[in-house]
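The values are calculated or read from the model by the stated rules, or taken from the named source; none is laboratory data. Keep in mind that what you see is a predicted model, and the values were worked out from it rather than measured. FYI the Cβ positions are ideal-geometry reconstructions off the backbone, even for glycines, and counts take in every protein chain you see. To get the accessible areas, we keep the full protein, side chains included, count just its heavy atoms, and leave off ligands, DNA and RNA. Shrake-Rupley method; radii C 1.70, N 1.55, O 1.52, S 1.80 Å.
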Amino acid sequence: MDNQLAEAVYWSVQGLLEKPVEGVENAFYDGSVCEAAYEQMLEAYERLRQRLQVKNEDADVECMINALQTITKELCLRMFEYGAATERG
């Protein structure tokens, strides 16, 4: 598998590349499911910080978010790999 291509597609889908892979849509475009879910997460994080009276980032919440991002990336790269393998036959 082409790890560079998989990584480029992964970051393109997130809308985080200046020059995304051609044909790969940003899943976080305005009005998208991902954009709405991300906004919900940010709002919930802010409410939690206020309840905990935390002025900046909360280390435990950041740990949870980073862990979920790691899991998501691993799943996405594996799906890309399986899709590429299926296409190759």
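List of remarks:
- The numbered conditions (1) among the charged types (D, E, K, R); (2) open to solvent by 80 Å² or more (accessible area, probe 1.4 Å); (3) part of a helix (DSSP H, G or I) are all true for Lys55 except (3).
- Among the residues of region 69-88, the ones that are over 11 Å from the mean Cα position of the chain (by Cα) and either loosely packed, with under 10 Cβ neighbours inside 10 Å or in contact (Cβ under 8 Å) with a residue 60 or more places away in the chain (or both) come to 8 in all.
- Pair list, Cβ under 7 Å, 6 or more apart: region 35-51 residue under 16 Å from Asn66 (Cα atoms), other residue open to solvent by less than 50 Å² (accessible area, probe 1.4 Å): Tyr45/Val61
- Number of the condition not met by Tyr29 [criteria: (1) in a helix (DSSP H, G or I); (2) surrounded by fewer than 15 Cβ atoms within 10 Å (Cβ to Cβ)]: (1)
- Residue within region 13-21 that is assigned to a helix (DSSP H, G or I), among the small types (Gly, Ala, Ser) and either within 15 Å of the chain's Cα centre (by Cα) or surrounded by fewer than 13 Cβ atoms within 10 Å (Cβ to Cβ) (or both) present: no
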